[in-house]
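The values are calculated or read from the model by the stated rules, or taken from the named source; none is laboratory data. If you're wondering where the values come from, they're calculated on a predicted model, not measured in any experiment. Ideal geometry is used to build each Cβ from the backbone, glycine not excepted, and the neighbour counts take in all protein chains shown. Each accessible area value is taken on the protein alone, full model and side chains, heavy atoms only, with ligands, DNA and RNA left out. Shrake-Rupley method; radii C 1.70, N 1.55, O 1.52, S 1.80 Å.
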Amino acid sequence: MASTKPGQRKLQILQALASMLEQPKGEKITTAALAARLDVSEAALYRHFASKAQMFEGLIEFIESSVFGLINQIAENEQGGIDQAHAVLQMLLGFAANNPGMTRVLIGDALVNEDERLQLRMNQFYDKVELACKQSLRLAVTQGHGQEADVAARASLLVAYVVGRWHRYAKSGFRHNPAEGTALQISLLLSA
């Protein structure tokens, strides 16, 4: 039996978990089902993760590093505040479309009945996304688009819009692509 490289089994576990989250029925995932999918024992899972919560934390870390890495790239490449905000929203919607299982983590659906610290961490994620939107909108204000007094409310609205699209995507069994047909909607949300 060939052994896996260090870290590779951990990645395989996270990939299997993400894949299981892509099932439209959204049933609760057990460690027994995850172990069966990987054809390993539950004990083998716990050699790499102390708990199922740690497995979900691994997915959240992937989401955070991916999303915030892309937000930083957008901030570096887009000079206009409105263009930055538009690109961030498109990226968030595209990320969900490309990672359906992660969408269930993003909306908290997969975290129901799990350790509450996981949902708290996702709430912090939303706060950071909203902060990124505020930064783009504040830049837009300095460029003559919008008013400073509206920045917080508009950033909150943008995040609520994205989360709503994510919810629709997950609740439709991943049939309604969250990024499809959003260019006009985002433009309307960003118009001053």
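Restricted to the range 160-188, and to residues there that are assigned to a helix (DSSP H, G or I) and open to solvent by less than 20 Å² (accessible area, probe 1.4 Å), the residue that is nearest to Gly101 (Cα to Cα) is Ala170. Restricted to the range 122-138, and to residues there that are in contact (Cβ under 8 Å) with a residue 60 or more places away in the chain and under 15 Å from the mean Cα position of the chain (by Cα), the residue that is surrounded by the fewest Cβ atoms within 10 Å (Cβ to Cβ) is Lys128.
Can you confirm whether the range 76-84 contains a residue that is in contact with a Ser or Thr (Cβ under 6 Å, 6 or more places away or on another chain), under 20 Å from Ala179 (Cα atoms) and free of Cβ contacts under 8 Å to residues at least 60 places away in the same chain? Taking every residue of the range 76-84 in turn, at least one turns out to be in contact with a Ser or Thr (Cβ under 6 Å, 6 or more places away or on another chain), under 20 Å from Ala179 (Cα atoms) and free of Cβ contacts under 8 Å to residues at least 60 places away in the same chain. Scanning the range 139-159 for residues that are of a type in the set (Val, Ile, Thr) and surrounded by 12 or more Cβ atoms within 10 Å (Cβ to Cβ) yields Val141, Val151, Val159. Within the range 17-51, the set of residues being under 27 Å from Lys171 (Cα atoms), assigned to a helix (DSSP H, G or I) and without any contact (Cβ under 8 Å) to a residue 60 or more places away in the chain comprises Thr31, Ala32, Ala33, Leu34, Ala35, Ala36, Arg37, Leu38.
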